[in-house]
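The values are calculated or read from the model by the stated rules, or taken from the named source; none is laboratory data. A quick note: this is a predicted structure, and the numbers were derived from the prediction, not measured. Note: areas computed on protein heavy atoms with side chains; ligands, DNA, RNA excluded. Shrake-Rupley method; radii C 1.70, N 1.55, O 1.52, S 1.80 Å.
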Amino acid sequence: MRELKEKLQRFLQRNTNLSRRKAGEVIKAGRVKVDDRIVTDPWLEIDHFSKVFLDGKKVVPQKIEKVVYALNKPVGVLTAMKDDRGRPTITDLITGKIKEKVFHVGRLDKDTEGLLLLTNDGEFANEIAHPSSEIKKTYVAVIAGKLSIKDIKRLEEGIILQDGFKTSGAEVRVLNEMGRKTVVELKIHEGHKREVREMFRAIHKKVLALKRTAIGGLKLDVVPKPGMIKKLGKRELSLIKNGDR
């Protein structure tokens with residue numbers, strides 16, 4: 001299960017009446033213990049198992065509401081919270097719109113658009129992303145050329161990718177043929193890196209555009225415009241887990 005980590009300074013600021021600056025000062029002064037040792041690094045990362053003490057008194061964490069957001073990730077945005085090369089990231093899209101500290105569930109590569117989930121709930125993220133849950137992710141790809149019956153059969157039966165990973169069988173449906181291009185819908189339940197693009201590469205087909213249109217039974221319609229964000233309710237969360245397996 002993925003655990004949401006937090007800087008010690010931020011933890012103190014959030015759970016005491018200290019300002020961010022003052023929280024850093026008391027840590028550097030040696031007044032804070034994490035578990036059984038004095039810590040003087042304000043940037044130390046802790047998780048919900050950590051026990052923090054200020055001047056010998058335990059700091060009780062405030063209860064955090066577990067949230068899930070849907071995001072329509074545009075092309076050109078990295079599925080990351082920061083980038084040391086200054087490229088656009090998820091943080092650029094959600095700053096000022098999401099108050100909770102969230103992380104992305106799985107990822108879409110920079111040139112892929114579509115439905116992406118953001119949450120602060122590690123248990124939920126693990127359930128959705130892990131292949132054993134068999135929650136299908138639906139993609140629509142525009143590829144160069146046409147798919148033969150043999151190509152479709154290979155995709156449906158599973159393909160060994162360049163890195164040696166063997167995919168499970170995909171559900172494949174040709175949606176449209178436009179001259180030298182074909183629009184194809186694929187449903188898979190794994191989250192291997194660049195899996196859809198690598199599947200087409202294995203059958204010598206170039207992906208010209210790729211969009212994730214659904215996770216389980218939750219469709220991209222919930223956030224129809226690129227960059228759009230929506231906090232999900234119980235019914236929508238139920239669609240993710242139970243809508244399409």
Next item on the list: Would you mind giving the average projected area, over all directions, of the Cα convex hull of the stretch 1-89 in nm² with one decimal?
Entry: 7.8 nm²
Checklist line | For the stretch 178-245 versus the stretch 48-113, the gap between their alpha-carbon centres in whole angstrom | finding: 21 Å
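Could you do me a favour and compute the accessible area per residue for the chain, 1.4 Å probe, result in Å²? Working shown, then result.
Details: 13940 Å² over 245 residues.
Computed with neighbouring chains in place, this is 57 Å² per residue.
Carbon and sulfur atoms: what percent of the 1.4 Å accessible area of the chain do they account for? Kindly include the intermediate steps, with their values, before the conclusion.
Working: 6900 of 13940 Å².
Accessible surface attributable to carbon and sulfur in the chain totals 50 percent.
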Check: For the stretch 41-112, max minus min Cα coordinate along each principal axis, in Å, sorted largest first?
Finding: 50, 27, 22
Checklist line | Cross-link reach list, lysines versus K22, counting only Cα pairs under 30 Å and skipping chain neighbours closer than eight places | finding: K5, K7, K33, K51, K57, K58, K63, K66, K82, K97, K99, K101
Notebook entry, point to check: Out of V59, V174, V207, any idea which swings most in a Gaussian network model of the chain, alpha carbons joined below 10 Å?
Noted result: V59
Notebook entry, point to check: Under 19 Å from the Cα of K146, which aspartates and glutamates turn up, not counting those fewer than eight places away in the same chain?
Noted result: E156, E157, E171, E177, E185, E198
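From the gyration tensor of the Cα coordinates in the stretch 141-245, what semi-axes in whole Å does the equivalent ellipsoid have, largest first, with each one equal to sqrt(5λ)? Please list the in-between numbers first.
Values: eigenvalues 139, 57, 30 Å².
In descending order the semi-axes read 26, 17, 12 Å.
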Next item on the list: Under a cut-off of 15 Å between alpha-carbon atoms, report the aspartates and glutamates in cross-link reach of K234, not counting same-chain residues fewer than 8 places apart.
Entry: E65, D121
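Could you work out the relative contact order of the stretch 77-201? I mean the mean sequence separation of Cα pairs under 8 Å and 6+ apart, divided by the number of residues, in percent. Can you show the working numbers first?
On the way: 175 pairs, mean separation 25.5, N = 125.
Contact order relative to length: 20 percent.
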Checklist line | GNM result for the chain, Cα springs below 10 Å: residue of T119, T213, T95 fluctuating most strongly | finding: T95
